[in-house]
Amino acid sequence: MNAFRSAIYTGRVTHRRLRPKQHFLRYRMFYMLLDIDEIAGIARASRLFSHNRFNLFGFFDGDHGSKFDAAARCPDLRGYVEDHLRDAGMVPDGGPIKLMTMPRILGYVFNPLSVYFCHDRNGRLKALIYEVNNTFGQRHSYVFPLGDTDDGKPLHQECGKEFYVSPFMEMALDYDFTITRPADTASVVINASDKDGLIIATAFSGKRQEFSDRQLLKLFLGYPLLTLKVIAGIHWEALWIWVKGVKCRPRPRTPVQTRTIIPRRTESDTQFSK
């Protein structure tokens, strides 16, 4: 399994709330970085990881995006992602798409955030898609076309909040994303601010591990039932925030649009290689 481009990143997540009450949490976790064209092959080579089938670890296409329709523009996960890119005015050319996400563990997963790294056929990163889930069963994607990103520096994007996530956060917020291209390490930082400044800062940083059954077993033993702990932790921390006196905000209607397209900066951002 070492020949695969996919990998595992083990590290920590931090959440720091500054207003109206201070709150901090930190916990160990991991992400998988999956080349979506390799998922079926990884599953065939692994005894502990399966594709669209129950196992110790599993990846189900339906956990990302909507139901796929062979007669539609989105017959599979690649088609679903490329549909997002086309809506952003881009022209996909079949280049690699890598997804940073948590897998199912013993059949369960909840992913607050997954990130798609969309490349052209020459391997140049051309777009990022941040896929956000809330605990009410809703999903929304923020699609960022990129310009020239070959300098190796962290990538930075900004946009307004368009999707209800937490009952303790206003909708009138701005997001600030900073992400590094996954290599020996990976990191994702998301800050949310209002007119008075920073409200909450979240971050993940991790180190690359090989994708192998040996590593999967170490993950299961070192991060037991992680996906259940994530959802349990969300509700436990919400209770503590409520105890501290932070009031709940009403949940708006389910959004009609399931994606937000961030306007491209230059015309060259839209073109994958020919």
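If each residue of separation counts as 0.36 nm, what is the full-extension length gain between Leu225 and Arg124 once their alpha-carbon separation is subtracted?
On the way: separation 101, 0.36 × 101 = 36.36 nm, distance 3.55 nm.
Length gained, Leu225 through Arg124: 32.8 nm.
With label points built 7 Å along Cα→Cβ from the Cα atoms of Asp87 and Ala3, find their separation and express it in nm.
Computed distance between label sites Asp87 and Ala3 equals 3.7 nm.
Is the shape of region 1-128 rounded, prolate or oblate, going by the alpha carbon gyration tensor and its root eigenvalues a ≥ b ≥ c, with a/c under 1.5 for rounded and a/b larger than b/c for prolate?
Details: a/c = 1.71, a/b = 1.25, b/c = 1.36.
Judged from the Cα gyration tensor, region 1-128 comes out oblate (a/c at least 1.5, b/c at or above a/b).
What is the spin-label model distance, in nm, from Glu210 to Leu18 if the labels are put 7 Å beyond Cα along the C-beta direction?
Each label point is offset 7 Å from its Cα along the Cβ direction, giving 4.3 nm.
Sort 80-88, 18-26 by packing, meaning the average of other beta carbons within 10 Å per residue, with the highest value first.
Working: 80-88: 19.2, 18-26: 12.4.
Result, highest mean first: 80-88, 18-26.
At R0 = 22 Å, how high is the FRET efficiency between Gln138 and Thr180 if r is their beta carbon distance? Nearest 0.05 is fine. List each step's numbers first, then the result.
Details: r = 28 Å, r/R0 = 1.28.
The formula returns an efficiency of 0.20 here.
Any read-out appearing in this document is the output of simple, stated calculations on the displayed coordinates, not a laboratory observation. These numbers were taken from a predicted model, which means no experiment stands behind them. Note that we place each Cβ from the backbone using ideal geometry, even for glycine, and neighbour counts take in every protein chain shown.
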